[in-house]
Structures are given as structure tokens and as C-alpha cells.
Amino acid sequence: MEDVGSLLRGWRSSRRLSQLDLALAAGVSPRYVSLVETGRSRPSAAMVLRLADQLDVPLRHRNRLLVAAGFAPCYRERPLDTPDMAAVRDAVARVLRAHEPYPALVVDRHWNILMTNAPVDHFLAYVDPDLLDAPVNMVRLGLDPRGLAPLIVNLPEVRSFLRARLSRQVARTGDPVVGALYDEYFAGQAPDGAAPGPQAEVATPMVFRFQGHELSLFSTVTTFGTPQDITLEEISIESYYPADAGSAAILRDLPGGRPASQDTPARPSG
């Protein structure tokens, strides 16, 4: 059985906090933090959650801390496609549809695509069908030579952007699957070191060769506020916006239907 003190010490170290830092944030004494970490004091469930909150521990790992301390987990995990998540799916579907004619998609903690809106299909039409076998991974779509990478004009900048996001995610969650995804594309490689263009002062754009034009997009990420469900904490909506008027016009002129020949990830119905 795992030891809650060792787990808490690991999270504190990963957050680069001293025992004093954590004690002050949690409103306890440094000696108490030391006693918990060394196993000489057994924290209550409420104290485990208080310390985890100050350490910004993801909900999935808060359950692990509770179990290690001898308590039942308190956060549920319900897959997005289950009946009791219908209201959430409907809300997300509305967000995706409202974003059209611009592309948007939903990814889980491992960057697997769960839902998309119709404009995404126009980009997937350029992807090798092997990459569209479930689960479809957003990072692989962007960086694999069989995916969108050959179409991305500023690929070094995009690689730098994704490298930083994956690195931060690994540091925050310690997720081994995300760590393996990082290693797959970045381990042992020097940073791309691309000089950002003028638009990068606001956001890093992705510039695509698309249907005989250059299409420039920047992205925003939307997450659920104060989630109490593990699934909700771990999904995000990736929305793409045109970075200039020409790109907006290209997206507005795209056909509204989904290319019939494409096998695409799950998409909200209705």
C-alpha cells in the first residue's frame, strides 16, 4: 500500500515548496507537515484534501492520496459518453457548434480527441487514415509526417509551443502517458529555437498550406471551472480562430458538410 506521507512529499518537491511554504499555505505548523511526510502522524481526510489543494494536486491523484491515507476516494470519474454525463456533452456540443465555421475539438488528458465540430474534418482529409484509428491523438495529428506536419508552414514554432505545453502538463500531473508522448517527439532533441513572428506577441499562430492558400490560426483552451468530477477536470476544448481577415474568409467559404470519405473521431450529434 502506498504511503500518504511519501506521496505528499513527492508532490511538494515537484512544486518546489519547502515544508515551511506548505505549512504556511495550509495553515498548519511545519512540524506537522514533517510528521505527516515521515509517517509519524496520520492526517484526516479533510487535512489530506487541504494539503492537496495547496499543492494543486489533480483530482485523480487526490483520490490516490485519500486511499493511501486509509480513506475512500471522494471524486467520481464518469466517461463523457455515459448517460449521466449527457448534460455535459450537450453543453460542450453547443460550444463546438457555436464556434463554426472555425474548427474546435475536445481532448482528454492524453490529448486524445473526444469530440469535434464539422470544420475539423476539412483538416483531417489530409491525414493518413492510420492516424485516424481510435483513439485519435491531437499531438500525433499535428507532428507526425503522415499527419498535418507537412502542411504547417511554421512547424518549428508549433513544435516549440506543443513542447512547452506537454512539458508543463508532465510537471503538473506526472502522467506517464503524457511523458511518453513528450518523449516520442521531443526526447533527446534540442529545442527548435524558432524566432517568433510579430503575431506571437499575442498568440503563436499555426500557418497551414490549405487548399492553395496560407491559413493562419491561433488557439485558445477552455476548461471547466471548479470541477468535482475527474473527467471534467481532465478534458479541454481547443478552439481555433483566424489570425487575419484572409484566413477568416477561407474558413467561412468552406462547405458545411463533412467529407463523406473520411473516418473521423466522435462528434456531437444534433
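At-a-glance table
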read-out	value
Heavy-atom surface of the chain, accessible at 1.4 Å and reported per residue (Å²)	50
Percent carbon-and-sulfur accessible area, segment 80-234, ignoring ligands, DNA and RNA, probe 1.4 Å	58
CD proxy at 222 nm, helix term only [per DSSP H run n ≥ 4: -39500 (n - 2.57); per residue of the chain; nearest 500]	-12500 deg cm²/dmol
Cα long-axis angle, helix 4-14 against the chain (0 to 90 degrees, to the nearest 10)	50
In degrees, nearest ten, helix 59-68 long axis to first principal axis of the chain (Cα)	30
Shape of segment 115-199, Cα gyration tensor, a/c cut at 1.5	oblate
Accessible-area value, residue 81, 1.4 Å probe, nucleic acids and ligands omitted, Å²	120
HN-Hα J in Hz across segment 127-140 - Karplus 6.51, -1.76, 1.60, θ = phi - 60°, x for Gly and Pro	9, 4, x, 4, 7, 9, 6, 4, x, 7, 9, 5, 5, 5
All Cα pairs of the chain, percent lying beyond 26 Å	51
Radius of gyration and Dmax over the Cα atoms of segment 1-76, both given in Å	11.0, 33
Average Cα contact separation per residue, the chain, under 8 Å, 6 or more apart, as relative contact order %	21
Global size of segment 32-128 as Cα Rg and Dmax, reported in angstrom	20.0, 59
Per residue Cα convex hull volume in Å³ - calculated over segment 99-165	96
Under-5 Å amide H pairs with residue 76, H placed in peptide plane, nonlocal only	230
Residues whose placed amide H lies under 5 Å from that of residue 210, excluding near-sequence neighbours	215
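The values are calculated or read from the model by the stated rules, or taken from the named source; none is laboratory data. In this text the structure is predicted, and so the values were computed from the model without any measurement. These area figures cover heavy atoms from the full protein model, side chains too; ligands, DNA and RNA do not enter into them. Shrake-Rupley method; radii C 1.70, N 1.55, O 1.52, S 1.80 Å.
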